[in-house]
Amino acid sequence: MLHSARFMVTSSSMENLPVTGLPEIAFVGRSNAGKSTAINTLCQQRQLAFASKTPGRTQHINFFAVGPKDSPSGLLVDLPGYGYAAVAKTDKKRWQLFLAQYLAERGPLVGLILLADSRLGLTETDLSLLAFMAPASVPLHVLLTKADKLNRQEGQRAAQAARDQLAQHAQAVGMTAPISLQLFSATKLSGVESASQLIESWLEEAARPTEGSESERESGAASELTDDPE
């Protein structure tokens, strides 16, 4: 499914986000976390998501449709990178608000992919996303990117540290939606298949009849931190 992704539209504010009725899965992460590379790798395309040579330069939300051209099954949403020091403070505040609004208020959002450099781990800004997401109650999957830069033991330590951080912060903000995590390498194609399968399963689940799903979401299951199976 993901290999069929193609650019649909770009937006610069909440007011001009597209209205399609399709489920959305958003990708978010710090500048230089490898977000664009991960999207391109997952979709088996080289230049679907644009990777700017100047981190923090891309400040729009880009939407990509997946599935048949005449009947798309969902949208992948490339959110602006954050945390780059060279971006003006006013721009940072504006995009932090935009990001917070999108995560908390975007009705079609059915899942979030958070990308973080496995060598650097999760930052406070990464973890603050959990507070924005809590009201939306959508699942979160973390890709610890550039895992090929770590040996097996280092990768295991990085994953466990991130898992502990997520569990602590999820509890603090009252996030009840599922949280999962895996190591990921676009260079070695490690974790690509499992991440693709998870994303596609979210879209497929969103397309199923919703009988009984509302009550299940309202009751909320406890957040459960797991490693996505390889």
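What the table below lists for this structure:
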{"item": "Tally of residues being in a loop (DSSP other than H, G, I, E, B) and either on the phi < 0 side of the Ramachandran plot or open to solvent by less than 20 Å² (accessible area, probe 1.4 Å) (or both) across region 170-210", "result": "12"}
{"item": "Hits in region 87-124 (condition: modelled with pLDDT of 85 or more, in contact with a Gly (Cβ under 9 Å, 6 or more places away or on another chain) and more than 18 Å from L22 (Cβ to Cβ))", "result": "L114, L115, A116, D117, S118, T123"}
{"item": "Checking Q45 against (1) at pLDDT below 85; (2) surrounded by fewer than 20 Cβ atoms within 10 Å (Cβ to Cβ); (3) on the phi < 0 side of the Ramachandran plot, the condition it does not meet", "result": "(1)"}
{"item": "Of all residues in region 159-169 being in contact with a Leu (Cβ under 9 Å, 6 or more places away or on another chain) and over 29 Å from H3 (Cβ atoms), the one that is surrounded by the most Cβ atoms within 10 Å (Cβ to Cβ)", "result": "L166"}
{"item": "Among (1) at pLDDT 95 or above; (2) open to solvent by 40 Å² or more (accessible area, probe 1.4 Å), the one test that F50 misses", "result": "(1)"}
{"item": "Any pair with Cβ under 6 angstrom, 6 or more apart, that starts in region 106-133 at a residue that is surrounded by 17 or more Cβ atoms within 10 Å (Cβ to Cβ) and among the polar types (S, T, N, Q) and ends at one that is at pLDDT 95 or above and in a helix (DSSP H, G or I)", "result": "S118/A147; S118/A158"}
{"item": "Top-ranked residue of region 33-42 - restricted to ones that are touching an Asp or Glu at 6+ places or on another chain (Cβ under 8 Å) and either modelled with pLDDT of 95 or more or hydrophobic (A, V, I, L, M, F, W, C) (or both), ranked as surrounded by the fewest Cβ atoms within 10 Å (Cβ to Cβ)", "result": "I39"}
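The values are calculated or read from the model by the stated rules, or taken from the named source; none is laboratory data. Source: prediction; values computed, not measured. Cβ atoms come from the backbone with ideal geometry, glycine included; neighbour counts cover every protein chain shown. Only protein heavy atoms, including side chains, enter the accessible area calculation; ligands, DNA and RNA are left aside. Shrake-Rupley method; radii C 1.70, N 1.55, O 1.52, S 1.80 Å.
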